[in-house]
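Read the structure below first, then the notes.
The values are calculated or read from the model by the stated rules, or taken from the named source; none is laboratory data. Every value quoted in this text rests on a predicted model; they were computed, and no experiment measured them. Cβ atoms come from the backbone with ideal geometry, glycine included; neighbour counts cover every protein chain shown.
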Amino acid sequence: MTYPGAVHRDSGGEVRNQSLTADRLDFLFATRLLPCPYLPQKDERKIVVALADDRAGRDYERLIRAGYRRSGAIAYRPACPACRACVPVRLPIAGFNPSKSLRRVANANLDLDVRILPPTARAEHYDLFRRYQDGRHTGGEMADMDFAEYRTLVEESPVTTHVAEFRGSGARLMAACLFDEMDESLSAVYTFFDPSEAKRSLGSYMILWLAAQGREAGKSDLYLGYWIEKCAKMAYKTRFRPLEMLDRGEWRRML
């Protein structure tokens, strides 16, 4: 995907593309360099596109195939200088056959009750989100997110978005998953869970659940965001095979 036009730097230091027409994408810019939240001694920069409400679904599916992700009302992809570690990955749903270890994960969570809810920020979900951040991602880019910012994450979506909640015995909230639904695919936007329940592998279980939902709905792919080889927190994505990666504009088998 190409976005023609001259690029200039405004007074705030951002890079903007000025020639996007109304029938393409409304707004395109590159963020300032910031410390990478995944790899030490690296800087990150993102290309950001605003999703217009009247055609957000159409644009988003096109963008996600090109390696973008969504956060709120924008889509973004890494454009870091001298680094290509972030690899967009997706799971072709029709070809997915869970391994023995993943089947054990599924069996370990058969007791959970799952509900699909509208994308509304709830205090109980935010409390779980905070415990997850404190237990698993201390110092990460979302570690200090307050409730207002969490509400933006959940509710500010111009596309079809759902929240799935997973409850255990006594209706205890164990995990939650924010995901997008497009015409041909699903996208896991963000998942979080009770860090005291590590034995359940709830992160992997939610991916299994999403794949099952996608299969039932006739979707072709489940987008899993970015994978970084040297980031241990992303290693779980390689459990899901066949896994495809976006390589020089083409999706190809990775594992």
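Tabulated values for the structure
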{"item": "Residue, surrounded by the fewest Cβ atoms within 10 Å (Cβ to Cβ), within region 61-79, restricted to residues that are in a helix (DSSP H, G or I) and not hydrophobic (A, V, I, L, M, F, W, C)", "result": "R62"}
{"item": "Residue in region 129-146 that is in contact with a strand residue (DSSP E or B) (Cβ under 6 Å, 6 or more places away or on another chain) and either modelled with pLDDT of 95 or more or closer than 23 Å to R69 by Cα (or both) present", "result": "yes"}
{"item": "Answer residue from region 123-162, given it is assigned to a loop (DSSP other than H, G, I, E, B) and among the hydrophobic types (A, V, I, L, M, F, W, C) and is surrounded by the fewest Cβ atoms within 10 Å (Cβ to Cβ) among those", "result": "A143"}
{"item": "Elements of type strands (runs of 3 or more DSSP E) contained in region 188-255, each with 2 or more residues being in contact (Cβ under 8 Å) with a residue 60 or more places away in the chain", "result": "221-227, 244-247"}
{"item": "Sole residue being surrounded by fewer than 20 Cβ atoms within 10 Å (Cβ to Cβ), touching a Ser or Thr at 6+ places or on another chain (Cβ under 6 Å), at negative phi and not assigned by TED's automatic domain parsing to the domain that holds A75, chosen from Y236, Y223, Y190", "result": "Y236"}
{"item": "Any hit, region 195-207, residues being farther than 22 Å from A66 by Cα, loosely packed, with under 15 Cβ neighbours inside 10 Å and modelled with pLDDT under 95", "result": "yes"}
{"item": "Test set (1) more than 18 Å from the chain's Cα centre (by Cα); (2) under 29 Å from Y60 (Cα atoms); (3) modelled with pLDDT of 95 or more - P81 fails condition number", "result": "(3)"}
{"item": "All positions within region 80-119 that are assigned to a loop (DSSP other than H, G, I, E, B), under 25 Å from I228 (Cα atoms) and charged (D, E, K, R)", "result": "R84"}
